[in-house]
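J.: One structure coming up, written as structure tokens, with questions to follow.
The values are calculated or read from the model by the stated rules, or taken from the named source; none is laboratory data. These figures come from a predicted structure and were not determined experimentally. Quick reminder, even Gly has a Cβ in these numbers, built from the backbone with ideal geometry, and neighbours come from all protein chains shown.
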Amino acid sequence: TSLTHNLHLCKYCSCALSNACPFWEGRPFPVMIVVPHTQGVSLSVGSAVTIKGRPLVCFFNEPHLQVDFHTEMNEESDIAFHFQVRFGSCVVMNSREYRAWKQEVQS
């Protein structure tokens, strides 16, 4: 199992952002730095994962936080658990098996 997240960071202030930064007065930010983080983990039955944080800037263009638990250490592997927070909208959960997404659950 692996833990993957994608975070867009401001090149100048390192704050999390979507496509705008307060230093650019709301204009589209010219450079996006995508930082994927992948880490091998082993979770046993009954394990819990806690993600805690707070956005530092206002988000634009459907911001989200996404965590995927892959069954192997590559992006194409099955996803045992897909968790996506769409800020201001909903939480989406799903899984992917043999490159096909299963029934999505939103709350």
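Condition check ((1) in a strand (DSSP E or B); (2) surrounded by fewer than 16 Cβ atoms within 10 Å (Cβ to Cβ); (3) modelled with pLDDT under 60; (4) of a type in the set (Val, Ile, Thr)) across all residues:
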position	(1), (2), (3), (4)
3	yes, no, yes, no
26	no, yes, yes, no
35	yes, yes, yes, yes
73	no, yes, no, no
83	yes, no, no, no
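J.: Give me the residue from the range 85-106 that is modelled with pLDDT of 90 or more and among the small types (Gly, Ala, Ser) and, out of that set, surrounded by the most Cβ atoms within 10 Å (Cβ to Cβ).
T.: 95
J.: Hey, another quick one. With respect to residue 48, determine if the residue is in a strand (DSSP E or B), small (Gly, Ala, Ser) and either touching a Cys at 6+ places or on another chain (Cβ under 7 Å) or modelled with pLDDT of 80 or more (or both).
T.: Against the criterion (in a strand (DSSP E or B), small (Gly, Ala, Ser) and either touching a Cys at 6+ places or on another chain (Cβ under 7 Å) or modelled with pLDDT of 80 or more (or both)), residue 48 does not qualify.
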